[in-house]
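As structure tokens, the structure follows; a few thoughts come after it.
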Amino acid sequence: MTTIYFIRHAEADNYVRDGRIRPLTKKGLADRKLVTEFLQDKNIDVILSSPFKRAVDTLADFAEKNGFEIKLIEDFREQKSISAFDKKNELDPIIRKQQINEFLERQWADFSYIPSDSEYGETLLEVQMRNIAALTEVLTQYKDKNIVIGTHGTALSTIINYYDNTYGYNDFMEMVHILPWVVKMYFDGNDCAGMEKIDLFNLNIKSSNDWWKVSTSDFGSLKSYRFVVIFARYQDKWLYCRATERDTFETAGGHIEQGETPLEAAKRELYEETGAIKFDITPAFDYSVHKPNEYSNGQVFLAHIHELGEMPDYTNDKMAEVKLFDTIPDKMRFPNILPVLYAHIQQFLNIEYFITTRNHYDALIEENNDPVHDPETLKSYMDKWDGEPFIEELRLSTDKSVLEIGVGTGRLAVRVCGKCGKFTGIDVSPKTAERAKENLRDFSNTRLICGNFLTYPFNETFDVIYSSLTFMHIQDKQTAIQRVAKLLNPGGRFVLSISKEQQTELDFGNRKIKIYPDTPKKITLLLTEAGLNISKQFETEFAVIFAAQKKIN
């Protein structure tokens, strides 16, 4: 683990206009002793800095007392000044301050913004990219070391934003007058594994719950995840757990251990804290908690538990009970966090307005909807999303193994099973899977699974994987396509049909289903990132079809 202490410089003399040679004030020279005291027991291995004098001088006292050379890195410098504002010095100070604040707010809203009348200067995006590039080199060169980096307010804020995009204008303005200021980051390789902000003037401050800021964002949109939270459904209720040492209930969840992915951590925590042994688990959204002295990012998952067993011996004595609730418990741990996440998981699940995909397709079977037995006119209509051109792209032969994601009742499978060696179909709906078994009973080479494609433990790989009109139900497309790539044999094919429509829900009158529309541009990017080569892309009347191939090693 690499630890970096970013030290924003102490107070500088702003009457010196040249930023490179701007010195510290008398107060700044006195306050840098706080930096020296703070770093004294941190087992520092190396000191790096922006070449600007105020950044170097802030670290000079610690460096001299501990025999360090300060190594200068040009790309850690502050944002290049905006000349459009240098020319407005003649303005009334109040008006000038107002204009500068308006400019800063606009820059933080659009990292690519720069005034049209500026002769030179840098956007926040440019500042961020060169600082991150320099940081990446440092992480490679000084892996597993304790590092000090002398930096600046804007430069440091863009680094924070890179790893936590909830950090914005208001956060920036809160730290503008904190000089010096420290941000501590932990890195596992190049991945940020944690972040703390440290006010040297208030090191002993208590983190009152009232000061915590909790926000949510799309799954995968943040970085530097430290925690996972799992909202678990069991017997149509919410399952919470209580530790032996507490009288409050909480969701399953905890720290992501070194080497774990968030999904792996979520599965482990769910088993350790509830005893869940059979479950489906789905990525839901990211969250961020800002305390006075710490930033924490995490990921939230939604689990549907099918069977509970005994908790493992190493956690059984730590957990007092698990209990079912209709909503969040009255006596809860993290009362400032749980209600925010619970509100968002309800929005994600849309309990009030939507039913789950699984229940919807179960209901279709109960309503006797089965596309395998549709009249020919309806079958021809459905072919406008896939049909023979789609089947041809599978390039089937009797020596190939095939997986269909979202097999449904077997509408496409009845055309595929007789042309391949082995067929596997997976679907989230138990009743749909049972109907598919009936419809495909004449084929001896089929295996049908009721489960979640993102989490089902496949013990084999496939020559062909395909899916039509199923990815609209999957929010985390990246994880789905990466899983496809892992399950494909070298040279294997993936064929995907996505709807051209961009609606976000399906309305069936008596119920609505939330969906996540795809775009050709996004699918192209995700296929490429997963190492799949797109061999063909074409359109039908209602859909865009992709055929991609896994590279042969």
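The values are calculated or read from the model by the stated rules, or taken from the named source; none is laboratory data. Computed from a predicted model, the values in this text were never measured in an experiment. Cβ placement follows ideal geometry from the backbone for every residue including glycine, while neighbour counts extend to all protein chains displayed. With ligands, DNA and RNA removed, areas are computed over all heavy atoms of the protein, side chains included. Shrake-Rupley method; radii C 1.70, N 1.55, O 1.52, S 1.80 Å.
Overview of results
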item	result
Nearest 10 degrees, 0 to 90: helix 124-141 Cα axis against the chain principal axis	90
Cα centroid separation, region 277-337 to region 401-416 (Å)	35
Heavy-atom surface of region 144-288, accessible at 1.4 Å and reported per residue (Å²)	40
Percentage relative contact order, the chain, counting C-alpha pairs under 8 Å, at least six apart	10
Cα gyration tensor, the chain - rounded (a/c under 1.5), prolate or oblate	prolate
Surface accessible to a 1.4 Å probe, per residue, for the residues of region 457-540, Å²	46
Charge sum, other residues only, whose C-beta stays under 9 Å from Leu488's C-beta, Lys/Arg counted +1 and Asp/Glu -1	+2
Computed label-point distance, nm, for sites Thr524 and Ser221 using a 7 Å Cα→Cβ extension	2.4
Nonlocal amide H pairs with Ala320, under 5 Å, H built at 1.01 Å	Arg242, Ala243, Thr244
Between 0 and 90°, nearest 10: helix 262-274 axis offset from the chain longest Cα axis	80
Pairwise centroid distance, computed over Cα atoms, of region 130-147 with region 435-495, Å	40
Among the listed pairs Lys27/Lys184; Lys145/Lys267; Lys223/Lys384; Lys384/Lys514; Lys237/Lys522; Lys53/Lys97, those beyond 28 Å (Cα-Cα)	Lys145/Lys267; Lys223/Lys384; Lys237/Lys522
For region 437-537: rounded, prolate or oblate by the Cα gyration tensor [a/c cutoff 1.5]	oblate
Whole-percent carbon and sulfur share, accessible surface of the chain, 1.4 Å	49
Rounded accessible area per residue of region 1-89, 1.4 Å, Å²	49
Amide H partners (placed H, <5 Å) of Glu122, local residues excluded	Lys80
If the convex hull is drawn through the Cα atoms of region 298-447, its volume per residue in Å³	210
Degrees, to the nearest 10: 338-349 long Cα axis against longest axis of the chain	40
